[in-house]
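The structure appears right after this line, and notes come after that.
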Amino acid sequence: MGILELFVLAIGLSMDAFAVSICKGLSVKTLEWKHMLIVGAYFGGFQALMPAIGYVLGSQFEHLIVSVDHWIAFFLLLFIGGNMIKESRESDEEELDDDFGFKTMLMLAIATSIDALAVGISLAMAGNVNIYLAVILIGAFTGTLSAIGVKIGNIFGCKFKSKAELAGGIILILMGSKILLEHLGVLKF
């Protein structure tokens, strides 16, 4: 997997955190730099940690499932992407909470990075992946986008939330399809 593909994957994974960041920004009456830094650090940190954990777990079981690893990667990314697309279509109003404390941010960071854990498993099975570069790109991109998302949310509100989730879901489904098609010999990159 090349740097361009890892960059696109980082974009797709960051969309959930970006969407939540927008809503966090909406909840803040007086936005300060520390709000943006807190959100960026939590979301970027967890978004980097989870694929690393997933990669280690996936690597442990790779020998048992090597013949179907591309199917597993495809279905994991299809499921995650489909779930993001479904969430983008829901009209549920998110509860706005201006709390940036440890418990609140920890729960949000875990919730927005669970999909990254599954992607880490997929990366272990995809083979030929520089996990260090992947983790750095995913974490840095998510942290930066999340910090920006707080500012956007503070200015514009939640109108970009569903579009971000839709784009992220489509990107993850396309990445899963690419992994499957490469392993089946249909695509050559």
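Descriptive notes on the structure:
- Calculated FRET efficiency for the pair Leu57/Phe156, C-beta based, R₀ 35 Å, to 0.05: 0.35
- Per residue of the chain, the DSSP helices (runs of n ≥ 4 H) give a summed -39500 (n - 2.57) that works out to -29000 deg cm²/dmol at 222 nm.
- Cα gyration tensor shape of the stretch 42-84, rounded if a/c is under 1.5, else prolate or oblate by comparing a/b with b/c: oblate
- Measuring gaps between exposed loop sites in the chain (trypsin sites (Lys or Arg not before Pro); DSSP loop; at most 13 other Cβ atoms within 10 Å), the longest gap, sites not included, is 30-187.
- In nm, spacing of pseudo-spin labels at Lys34 and Ile3 (7 Å Cα→C-beta vector): 3.7 nm
- Whole-angstrom Cα spans of the chain along principal axes, big to small: 53, 28, 25
- 15 Å beta-carbon shell around Glu32, net charge (K/R +1, D/E -1): +2
- 5 angstrom amide H check on Val28, placed H, neighbours 5+ away: none
- Computed from Cα positions, the angle between helix 131-156 and the longest principal axis of the chain comes to roughly 30 degrees.
Throughout, read-outs are computed from the coordinates displayed, never taken from laboratory work. Quick caveat, the model's predicted, so the values are computed rather than measured. Cβ atoms come from the backbone with ideal geometry, glycine included; neighbour counts cover every protein chain shown.
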